[in-house]
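Report on the following structure.
The values are calculated or read from the model by the stated rules, or taken from the named source; none is laboratory data. Since this is a predicted model, take the numbers as computed values, not measurements. Note that each Cβ is placed from the backbone with ideal geometry, even for glycine, and that neighbours are counted across all protein chains shown.
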């Protein structure tokens, strides 16, 4: 047995865990490549921020209309405090929107019957001394000298068959309605491309813009058939299209944008706007096909 100090041997495992020179070089190269890549990305961002501009999105403002109306005042050419005669009121009074929706066929008679006699000299004569009210038909109130939308707008649908017409009604979320004919409530129908949805509600609750047919045509017959298909009778009833608020706002924006291309900057100068529904890649859209303007006063 040797008496000298025992010789120490390095375990082989420790040798395998030590970092070799090749691994060090590879690590430095990877770090260098990452730094270079990060620098390139930063330079690219700086370049794009100087060369590209990102304009702010345009905000579409819906034109607000403050329409005047004479309510149950007699039509005239001025404003005064002298009330019209009783017969004059009965002859010229126009029903309100709620009364029209409840019963179109008897609205004027009901309104005239509900008027109280006026305790004035003009009430006992066939013609009053007043000059009437120069404001247009509509709910009583002051407002701007403007043609209201229900008189100013006209909607045209281009459809070759009922399927194409129904697709447009559903796309714009237009609801058809039938009123009058001895029925107190308004019957509504929607969802025409598939199973129709039917409901009934008092006309006094209706606040939406609506349109009625001015003359008979193929599309009027489509409306009648679509309403009848939902089980609603249409004999002696008036058929109406109810326009959602979103569509009304879109039409107002489209109308004013078209007018500005003609040098008109306000809807107060517009007398008539005709819209037409046209197909697009995403569905349908309304475009102005005709616009007439009021004569300068």
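Confirm whether residue 240 is at pLDDT 90 or above and either part of a strand (DSSP E or B) or not assigned by TED's automatic domain parsing to the domain that holds residue 280 (or both). Even if it seems obvious, please write down each step before you answer.
Details: at pLDDT 90 or above: yes; either part of a strand (DSSP E or B) or not assigned by TED's automatic domain parsing to the domain that holds residue 280 (or both): yes.
It is true that residue 240 is at pLDDT 90 or above and either part of a strand (DSSP E or B) or not assigned by TED's automatic domain parsing to the domain that holds residue 280 (or both).
Among the residues of region 209-231, how many are closer than 14 Å to residue 157 by Cα and part of a strand (DSSP E or B)?
Looking only at that region, the number is 2.
Each row is one residue, and each column tells you yes or no for (1) under 22 Å from residue 171 (Cα atoms); (2) outside any helix (DSSP H, G or I).
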site	(1), (2)
207	yes, yes
233	no, yes
248	yes, no
255	yes, no
259	no, no
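For region 167-196, enumerate the residues that are assigned to a loop (DSSP other than H, G, I, E, B), under 19 Å from the mean Cα position of the chain (by Cα) and surrounded by fewer than 17 Cβ atoms within 10 Å (Cβ to Cβ). Spell out the reasoning first.
So in region 167-196, the residues assigned to a loop (DSSP other than H, G, I, E, B) come out as 172-174, 181-182, 191-196.
Checking which are under 19 Å from the mean Cα position of the chain (by Cα) leaves us with 172-174, 191.
Answer for region 167-196, where residues must be assigned to a loop (DSSP other than H, G, I, E, B), under 19 Å from the mean Cα position of the chain (by Cα) and surrounded by fewer than 17 Cβ atoms within 10 Å (Cβ to Cβ): 173, 191.
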